[in-house]
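Step one of this worksheet: look at the structure below.
Computed from the coordinates by the stated procedures, all read-outs in this text should not be read as laboratory data. A quick note: this is a predicted structure, and the numbers were derived from the prediction, not measured. In this analysis, Cβ positions are derived from the backbone assuming ideal geometry, glycine residues included, and neighbour counts consider all displayed protein chains.
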Amino acid sequence: MIRLGLRLSIAGGRESLSRLILIVVAVAIGVGLLLATLAGLNAVTKQNARYAWLETGYRGSDASAGAQGRATTAGVEPVWWRLRADYFQGRQIGRVDVAATGPTSPTPPGIPALPAPGQFYASPKLVALLETNPAGELRDRYPGTLIGTLGAAALPSPDSLLIVIGHRPADLSHDPRARLERRISTTAPSRCNGDCAPGVGTNANGLVLILSVATAALLFPVLIFVGAATRLSASRREQRFAAMRLVGATSAQVATIATVESTLAAVIGVLIGFMLFLAMRPLIALIPFTGERFFTHDVVPSPVSLVVVAVGVPIASAVAARLALRRVAISPLGVARRVTPAPPTARRVVPLLAGIAELGYFAYIDNIGANTHTNTTLEAAVFLGGVLLVMSGLVIAGPWLTLLASRLVANRANRPAALLAARRLEDNPQAGFRAVSGVVLAIFVGTCAVGIITTINAPAVRSHEVGAYATGTLVDVLAGPDRLRTGTALPASVTTELDATPGVTGLAVIRDQPQPRPEIRPSGAPPGGHVFHAFQQVVSCAQLQHVPALGRCRAGATTAAIDPDYGGGFELRNHRTMAETTWPPSRLTSSRLDALPIDTVVVGTNSSSAAVEHARTVLDAAYPTAFAAETISEIHADQSRLLRAYQQLANVVILTSLPIAGVSLTVSIVGGLVERKRPFSLLRLAGTPLATLRRVIGLEAAAPLFITAAASIALAFLSAQLFLRAQLGESLRRPAPGYFLVIAAGLGAAMLVIASALPLLRRATGPDAARND
Amino acid sequence: MTARSPEHGSPGGELLQAHDLHLSFGATPALRGASVSVRQAEILAVMGPSGSGKSTLLHCLAGILTPAAGEVFFDGARLDTLPEAPRSALRRQYFGFVFQFGQLVPELTAEENIALPLLLNGLRRAAALTQAREWFARLDLEGLERRRSGELSGGEAQRVAVGRALVTRPRVLFADEPTGALDSLTSESVMDLLTTAARGAGTTIVLVTHEARVAAYADREVLVRDGAVTDRVIV
């Protein structure tokens, strides 16, 4: 029977072969996409693991390494290690200063040995920057000679900017931030616990969030697609099985043949799908899931995923074929459905309404975010539960909404294409919606994230409005142990070199007020009323006037008490930005000011890259602090790095899931067309223009896609609004035009995919189809 | 593109003419020098055994297939040399079709199926449905307007197909084994309705059948054998 099944599939005539090819192609595309998704998810984890060596020196990585990690360091001479963050044209450079204390000092990955004093290794992209930019803007920050490039083992991405600089132990040991280490960390940032390198990789919560969102939004649509592909042409096969029953085949024999046919197509499809995936790998590597592209060799599914796909898809296909046969009764006289699928009812909308009601209750009635006694775990559970209820409610209500929309269109359609498409959708709304149900999740998750992130990031938008100040003002905060070495006087080289740098407009040195700070009693306040303390920092008014980003002094003042906030550098303070603020005068004279310890050095420039980078190089040489001087834009970008990564993920998810849905829709529609081509081909014989039939297919595919996208977007914005209202008391802000462009691009790509299948219609509905059916 | 109605009649008042048609499917010849002519308002039965080429002849006369050699005229104008688009428009505007089975769009209601050719010709929905509903009484289908094809019997579905073929008042109706899937009683009912409605509207019918009882409704009968036509005048 198995041999007969194989022969029927391969040598069963043109129709059998066409059917086999159709299923094979669909399964191959599905498996290719499935492997690409799994590989993408795995690549995110692998990329994050490549940050591990940068956790060296942080206790959080030691804790994760455990006793085994510590045991291997016996007999190893330590290395002086200091990690710093540097910047160039808005991009972060990871700088590691090292000094070996002996020949057995541990070596980080990607280099053969620790660089000797006066030598350094740099990543290929950084080498390119060093070679193409003036030395004063970048190269001068790194003492010594380039002796090689960092290998891929040390780089999270081909675009990573990293440098490892060798020093003498005597030089580095004086640095308060340098640590003496006996082992290079192998703990990925996601497994680091507690004291971890700031701004390095993605932590455990972030990684779980990224993987969960990507899995839900990408894997689900792809699995739906693979499922649809394996069920293609099922009813045509069932009709043939009736003929076999007529000549005496038993139900079991028919089931075996059906299983063989499905499995054969699935096996060939899986093989081609693997080849498709291998061909797509370089392209997948370019997709910046979290902001940086991948190495192609990182884009590989985990071994378990590979086995599950290779074995699971054919098995699932065989099981699906068996289950499909159980839903129909194949008698020798024909095929009958055992159960007619009931049309979806309005009850399906209940979970969706319940989810919205829950979020609405906590946003507007209970005000859970404002209740200080509510614990955050409960808050998280409440909101996650509500959002999940809305998401699943949308998927459950989808077929009913599709039925409603198609019925509405069908009862009003004046054009035959709209009438046919709407009636076909109304006939089986479950099938129409199934193909796009993955999009519901992708667009919902992406839009919700974009809505929340846009609102949280809203002050940054204002900072862009302020314009050049944010990108042209360099801030060097001398915090922590660095301040002990700073003293009260600015090195002469700093003022001399900055004065000589074209584009530098001024320099402001912000100093710490002596303790206790003076009291400020508001005028007219009763005795014993609230007393304010003056701001902790002070600045010279002569300097402040050359750095407009920080604000201004009151007229006639020589010094001002200042309370700068670089994180939200231009965040609104009483509806004014810092640049618009007039600071109160300080009681200190200019001469007393110069005796106070320096807290921050701020350099104003004309925002040209040359001026900013040259000034940064000067400050870096004077103050080799943990973080190099940053522009206000860079500080803000750093602080919203994770949010931007999530926004990037949301964009990727939307952009990729929509074309996947397009493929899924196309396959299901082509499959439906192949199964029921006779009425279409007879319509064409009777003179119906091919363009009309194309419009039917186009509308049938596009309508659920656009309706679903619109419903998902509306509900995601509503959920985001309820979340923001409850948690932050904020109202949702309109996303940037980029979001709408991403949605439009995704829908456009999906329509292109759908359009690519339309030429099949000419062949499927030609005279031969009607004659031979 | 809209088909141009042939303006001049052909010699002898013949509406459809085919001369020396040849057509093969791969290595299998289907038509070998077939010639036939059909007069205005005539009902012509094309008979012949299975595989003789009678359906292929019908498809060539209707402009569905293009013969490899030979000529087809409709109302004196050459049909077989027209490009696909005007041929489609011609079929939509001047021809009607009834096939053996499976011609109704299963997702549409019976009235929408009948209204479909009118919608395709650009009529508004309300007007198309009004015209379609007029056919239900004439076809003895009252009360079945909102049914779908799966909810109709074979005879009912075929009568809906007849209504759909005639609703545009075509000049020629091509019927390919229109009763092939029906029992004899239902066949008679369908043929009665088909021929009565066609005669009332002055519609020419080309009827392909292998059943003598069905052919008896025709004014004239031709026999197709091995891809060639033999005239057998019965009236």
Query - Extension gain (nm, one decimal) between A:Ala595 and A:Phe740, 0.36 nm per residue minus Cα-Cα - result: 46.8 nm
Query raised in the report: Under a point spin-label approximation (7 Å from Cα along Cα-to-Cβ), what is the A:Tyr364-B:Arg169 distance to one decimal in nm?
Result: 5.9 nm
Query - Efficiency of FRET between A:Met280 and A:Asn193 - r from beta-carbon atoms, R0 45 angstrom, step 0.05 - result: 0.80
Query raised in the report: Just how many % of Cα pairs in the stretch A:74-182 lie over 18 Å apart, if you round to the nearest whole percent?
Result: 46 percent
**Report entry** Charge tally in the Cβ shell below 12 Å around A:Pro585, where Lys, Arg are +1 and Asp, Glu are -1, A:Pro585 excluded
**Finding:** +3
Report summary line: Given unit charges at Cβ for Lys, Arg (+) and Asp, Glu (-), the dipole magnitude of the stretch A:74-182 about its Cα centre in debye, nearest 20, is 160 debye
Query raised in the report: Per residue of B:113-122, what is the mean number of Cβ atoms on other protein chains within 10 angstrom of that residue's Cβ?
Result: 4
Report task. Determine the sum of side-chain charges near A:Met280: Lys and Arg each +1, Asp and Glu each -1, restricted to other residues whose C-beta is under 15 angstrom from that of A:Met280. Result -> +1
Query raised in the report: Which whole-number value in Å³ per residue fits the convex hull of the alpha carbons of the stretch A:608-656?
Result: 101 Å³
Report summary line: The whole-number value in µm²/s of the Stokes-Einstein translational diffusion coefficient for the stretch B:13-230, with Rh from the Kirkwood sum over alpha carbon pairs at 4 °C and 1.567 mPa s, is 74 µm²/s
Query - Amide H contacts of B:Arg225 (H built 1.01 Å from N, under 5 Å, at least 5 apart or other chain) - result: B:Thr230
Report summary line: Kirkwood radius from Cα pairs of the stretch A:681-773 plugged into Stokes-Einstein at 4 °C, 1.567 mPa s, gives D in µm²/s equal to 79 µm²/s
**Report entry** Amide H within-cut-off set for B:Ile43, under 5 Å, with H built and near neighbours excluded
**Finding:** B:Ile205, B:Asp219, B:Arg220
Requested in this report: Note down the relative contact order for the stretch B:13-230 as a percent, whole number, built from C-alpha pairs under 8 angstrom at least six residues apart.
Outcome: 32 percent
